[in-house]
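Student: Structure in structure tokens, see below.
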Amino acid sequence: AAVGARGGERGGVRAGGVYAKLAYNYLRATELATPAGEVVDIPAYVQDEATIYAEYGLSDRFTAVVDLIGYRWSEIEGFESAGGIGDLRLALQWQLAQRGASVFALRGTVQAPTGDETKGAGLLPTGSGVWEGDVVASAGVSLWRGRGWAQAGLGPQFRGGGLRDGFVYEAQLGGRLFGPVLLLFNVRGVQPWDTTPGDASTISPAGFGD
């Protein structure tokens, strides 16, 4: 069963094992959903990013995770463009128990502000600019005689720099189509405990993700 961090999509590796992947993400938007729930037109916004994700099996129960936005480039039409390294996330995952096809785990993550939140006058940041962390409890189950899996997780999120704390929730459904080809569906959301304005302002989406 899968109990992954931002870049994961399968179960933790065995002791001494390594899993790594490189990914490219592209986003283009011409509309923005405001905190008031309104959708407004904006100049075309484009974002490209390359990410690096790796797991290392410390033991049969513990897995170390490194997750880095190696480079993020973004542009607002008619404004400017900016790019740079993103934030670094380090995680430790502990498999609490396994019962038949089900597995239960706990993951602690620390996000270091290696990105730059001031790019493009703060409109094109490559990172949040603050230390962040979360602790997520997850449950997963193997499906279709091991050819698929489903998992869900929930836990508190902690943020520095005057940003609001909250909780994160995530879920994943995946399966092997044929050979090495997998099909995955992921959702993730962040919800602040308090919706009143915080002590600091940053571009940080909240609510149900894409």
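Nothing in this text is a laboratory measurement; each read-out follows from the coordinates by a stated rule. Keep in mind the model is a prediction, meaning the values are calculated, not measured. No Cβ is skipped: glycine too gets one built from the backbone with ideal geometry, and neighbour counts run over all protein chains shown.
Student: Report the charge-dipole magnitude of the chain in Debye, nearest 20, computed about the Cα centre from +1 at each Lys and Arg Cβ and -1 at each Asp and Glu Cβ.
Tutor: Result for the chain is approximately 1320 debye, rounded to the nearest 20.
Student: Please work out how much length the chain gains when fully extended from Q191 to E77, using 0.36 nm per residue of separation minus the C-alpha to C-alpha distance, in nm with one decimal.
Tutor: 38.1 nm
Student: Answer rounded, prolate or oblate for segment 62-127, using the Cα gyration tensor with square roots of eigenvalues a ≥ b ≥ c: rounded when a/c is under 1.5, else prolate when a/b is larger than b/c, else oblate.
Tutor: Prolate is the answer for segment 62-127, as a/c is 1.5 or above and a/b outweighs b/c.
Student: GNM, the chain, Cα, under 10 Å: largest mean-square fluctuation among V13, V65, V187?
Tutor: Of V13, V65, V187, the Gaussian network model singles out V187 as fluctuating most.
Student: Among I42, I69, I52, which one moves the most in a GNM of the chain with springs linking Cα atoms closer than 10 Å?
Tutor: Fluctuation is largest for I42.
Student: For segment 121-172, what is the Kirkwood hydrodynamic radius in Å, using each pair of distinct C-alpha atoms?
Tutor: After inverting the mean inverse Cα-Cα distance, the result is 13.5 Å.
Student: In whole Å, what three semi-axes, largest first, describe the equivalent ellipsoid of segment 21-103 built from its Cα gyration tensor (square root of 5 times each eigenvalue)?
Tutor: Taking √(5λ) for each eigenvalue gives 37, 18, 10 Å, largest first.
Student: Return a whole-number percent for the relative contact order of the chain, with Cα pairs under 8 Å and 6 or more residues apart as the contact set.
Tutor: Worked out over the chain, it gives 13 percent.
Student: Using alpha carbons only, what's the Rg to Rh ratio of the chain with Rh from Kirkwood?
Tutor: Using only Cα positions, Rg/Rh for the chain is 0.98.
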